[in-house]
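Here's the structure we're looking at; comments come further down.
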Amino acid sequence: MNETQSYISPSPQGYYGRFGGAYIPEMLHRNVEELKTRYLEIMHEAEFQREYQQLLQDYVGRPTPLYFAGLLSRKYNTNLFLKREDLCHTGAHKINNTVGQILLALRLGKKRIIAETGAGQHGVATATVCALKGVECIVYMGEKDIERQAPNVARMKMLGAKVIPAVSGSKTLKDATNEAIRDWINNPSDTHYIIGSVVGPHPYPDMVARFQSIISKETRWQLKEKTGTELPTHVVACVGGGSNAAGAFYHFLDEPSVKIIAVEAAGYGIDSGMSAATTRLGKEGVLHGSRSLVMQTEDGQVTEPHSISAGLDYPGIGPMHAHLFESGRGQFLSATDEEALKASFEVAKLEGIIPALETGHAFAALDQLSLTMEDRVVLCLSGRGDKDLATYMKVMDA
Amino acid sequence: MSRLNNLFQQKNKRILNVYCTAGYPTLQSTINVMRSLQENGADLIELGMPYSDPLADGPVIQASSSKALQNGMTIPTLFAQLKDFRKDITVPVILMGYLNPLLQYGFEKFCAKAAEVGIDGIIIPDIPMYEFEQEYRAIIEKYGLDFIFLVTPETSEERIIKLDQLSSGFLYAVSSSSITGSDKDFSPVETYLHKLQSLKLKNPVLVGFGIKDKATFETACKYANGAIIGSAYIKALESDDNVEMATREFLNGILN
């Protein structure tokens, strides 16, 4: 890679350092190529921007607040700001991307939307924008996840989406993604695939990161208003595929003074065999259309990860993050199921905010940083915890 | 001359290429399946290396891959099984698989080993064209293997010509899914296969996806040098414990 290349933008072929690209069968080539040729042009159109910004403001509820968390700041002896993506419509950052992609899909003349979902957050965000625009919506979801996430399945159905169970392989997110890709192969002309994270073949990682970059764009001016300076000392976010992290880091990646902290899910513990900490356990490989770090066996078969939070339960990581890890630009930490749970309860008690379990991982990592009163830490509060109540209730009952 | 070129020189019509999954239905059945295919009239064998996330395959082949992986199939195990297969299997054999397991095994090591045991060519549907040209083409040529690209009804003419130039052995024409049912309109596929014929490609063309019986095989053969059967054969193996019997019956149904 060219030394001067930014951490933000991939090469024309979609590479962040060694990671990225488009490893797809020929059956997907035309659709992916069409997207690659047109996404930037469409996203830069004045009319697209006007409609996108309007929806972000009036429908999603942006800008989301940057909240100075006083009691947590005192506890960690620092200045902690929470970027409140949990206050977005549908309860998480996911909708920043689906609003953008539905507008893009309509401009490409697509009539049918497909998506994959794990916990159901991206599925709900996709079903929501499809309802808004009156477009047919099909969501693939692992059979196991359908059982585990009944409320989100009900939300998608109420919004008019068809939820199709993925019954192959491990019947979770990875397999739902395979099924969505297959659907796209079988419906090559009228369908757009809304991927929910910064994964997949180029241009998806870059496109999703751009749609999520609104998070860090707002953070800059909000922090300036509150502290007189645009730049935090640290930005902290949890990483599964990595979409909220990509958005929270985006406008700080080329600011060397800002420490980039990504927190992965360690599950039962890194060495327990039940973990989803891809940068610690993965090797370079190809999954779902891009070259990145992938959790796999010695024989190159993709393995099933484990995390208590379905949103982090993915055996890969976006190529942008793989590059941040390998180049050392990002610091990658991890939190176990137990640490994430404990952190979520602490945030609920101290700040009156029930975070998603995914975000609990980001909070759990604050303990691992040596913070001071001179620091300005921004943590991306990626989603609210309503969807995790069943898990939280088990802890309270125990 | 390569076995594939030799085959197409001797016979350029009604070529029957049958796909089977290594290690399916049982770990040790690989060679038996291949032998049965040869004995019952397959001109060419496409041997699939099972992968956990086979994006370009349908549910039937994915299920056979999962079973093969459960049975313990790996690339080293496959090469051990293929060590002496050229003693009695003379038809061309190509390996089909996905890039990730090959990267872990080592791409050059894989090609060297494949050539050593007598494999003729490879299909890896998720290799990007630019990476093939920059990295893999020279290695594949070094070991005298053929490499087969796929084209689809969505592939532009310009790109078909380029993929044909980069391929050797044959070109794999993915039919649209509409070829599977006699009740569906075949005309778009017809137009597409006509277009392929008119492009005067350097490689013979075999049509795959949706070829499941005598009727679809005959139709495909009208417009191309032959066809590839995958899922329908895997289904036949699924429903019969006796590999020889199942294979004989299935191929009889196609060819006679």
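Filtering region B:44-56 to residues that are without any contact (Cβ under 8 Å) to a residue 60 or more places away in the chain and facing chain A (nearest Cβ under 9 Å) leaves B:P50, B:Y51, B:S52, B:D53, B:P54. One residue stands out in region B:84-100 among those that are under 18 Å from the mean Cα position of the chain (by Cα) and within 14 Å of another protein chain (Cβ to nearest Cβ): the one that is nearest to B:L47 (Cα to Cα), namely B:M96. Reported count of residues in region A:306-330, each being within 15 Å of A:A266 (Cα to Cα) and open to solvent by 10 Å² or more (accessible area, probe 1.4 Å), is 6.
The criterion of being part of a loop (DSSP other than H, G, I, E, B) and among the hydroxyl-bearing types (S, T, Y) does not hold for B:T77.
Residues that are of a type in the set (F, W, Y) and within 13 Å of another protein chain (Cβ to nearest Cβ) within region B:139-180 comprise B:F149, B:Y172, listed in sequence order. A:I185 falls short on exactly one of the conditions (1) more than 14 Å from chain B (Cβ to nearest Cβ); (2) touching a residue at least 40 places away in the same chain (Cβ under 8 Å); (3) aliphatic (A, V, I, L, M); (4) open to solvent by 20 Å² or more (accessible area, probe 1.4 Å), and that condition is (1). Among the numbered conditions (1) surrounded by fewer than 23 Cβ atoms within 10 Å (Cβ to Cβ); (2) farther than 17 Å from B:S231 by Cα; (3) more than 11 Å from chain A (Cβ to nearest Cβ); (4) in contact with a strand residue (DSSP E or B) (Cβ under 9 Å, 6 or more places away or on another chain), the only one that B:K67 does not meet is (2).
Scanning region B:187-215 for residues that are under 24 Å from B:Q9 (Cα atoms), buried (at least 18 other Cβ atoms within 10 Å of the Cβ) and not hydrophobic (A, V, I, L, M, F, W, C) turns up B:N203, B:P204, B:G208.
Of the candidates A:L87, A:L104, A:L72, the single residue that is open to solvent by 20 Å² or more (accessible area, probe 1.4 Å) and at pLDDT 95 or above is A:L87. Considering only residues that are open to solvent by 50 Å² or more (accessible area, probe 1.4 Å) and either modelled with pLDDT of 95 or more or not assigned by TED's automatic domain parsing to the domain that holds A:K217 (or both), which ones fall in region A:371-392? Hits for region A:371-392 are A:T372, A:M373, A:E374, A:R376, A:R384. No other residue among A:Q368, A:Q301, A:Q331 is over 26 Å from B:Q62 (Cα atoms) and either free of Cβ contacts under 8 Å to residues at least 40 places away in the same chain or within 14 Å of chain B (Cβ to nearest Cβ) (or both) apart from A:Q368.
The residue of region B:59-114 that is nearest to B:Y172 (Cα to Cα), among those that are basic (K, R) and free of Cβ contacts under 8 Å to residues at least 24 places away in the same chain, is B:K109. Taking B:L103 as the residue in question, decide whether it is in contact with a strand residue (DSSP E or B) (Cβ under 9 Å, 6 or more places away or on another chain), aliphatic (A, V, I, L, M), open to solvent by 40 Å² or more (accessible area, probe 1.4 Å) and within 24 Å of A:K283 (Cβ to Cβ). So B:L103 passes the test.
The values are calculated or read from the model by the stated rules, or taken from the named source; none is laboratory data. Note that the structure is a prediction, hence the values are computed from the model and not measured. Here the Cβ is made from the backbone with ideal geometry for all residues, glycine too, and neighbour counts use every protein chain on show. These accessible areas exclude ligands, DNA and RNA; they are computed on the full protein's heavy atoms, side chains included. Shrake-Rupley method; radii C 1.70, N 1.55, O 1.52, S 1.80 Å.
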